[in-house]
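Worksheet: one structure, shown below.
The values are calculated or read from the model by the stated rules, or taken from the named source; none is laboratory data. Since this is a predicted model, take the numbers as computed values, not measurements. These area figures cover heavy atoms from the full protein model, side chains too; ligands, DNA and RNA do not enter into them. Shrake-Rupley method; radii C 1.70, N 1.55, O 1.52, S 1.80 Å.
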Amino acid sequence: LLMSDNTRNFYGRSAGLVEERYLASVFGTFRAAVEAHLPVTLINDWNLTPGDLAGYKVLILPNAACLDVA
């Protein structure tokens, strides 16, 4: 489950709207996975490399709007 600093900093940039525009999606997705007893790991933007993602079959991007090209 991606928790994107880029999206939090830039997409949810308006004061007081970061929770509504971005974090609510991350927290809601995380809660749904935990309640369904699904194995979930939080990763960040700098973990979006082939080596770091090699052990995962699914990557969830809840409302991720700003990703780096690298």
Once you have all Cα-Cα distances for the chain, histogram them in 5 Å bins from zero and send the whole-percent values. 3, 17, 26, 23, 17, 10, 3, 0
Phi angles of segment 30-43, converted by Karplus (6.51 cos²θ - 1.76 cosθ + 1.60, θ = phi - 60°) into ³J(HN,Hα) in whole Hz with x for Gly and Pro, give 4, 5, 4, 5, 5, 5, 8, 6, 8, x, 9, 10, 7, 10
Counting only protein heavy atoms and rolling a 1.4 Å probe, one gets per residue an accessible area for the chain in Å² of 70 Å²
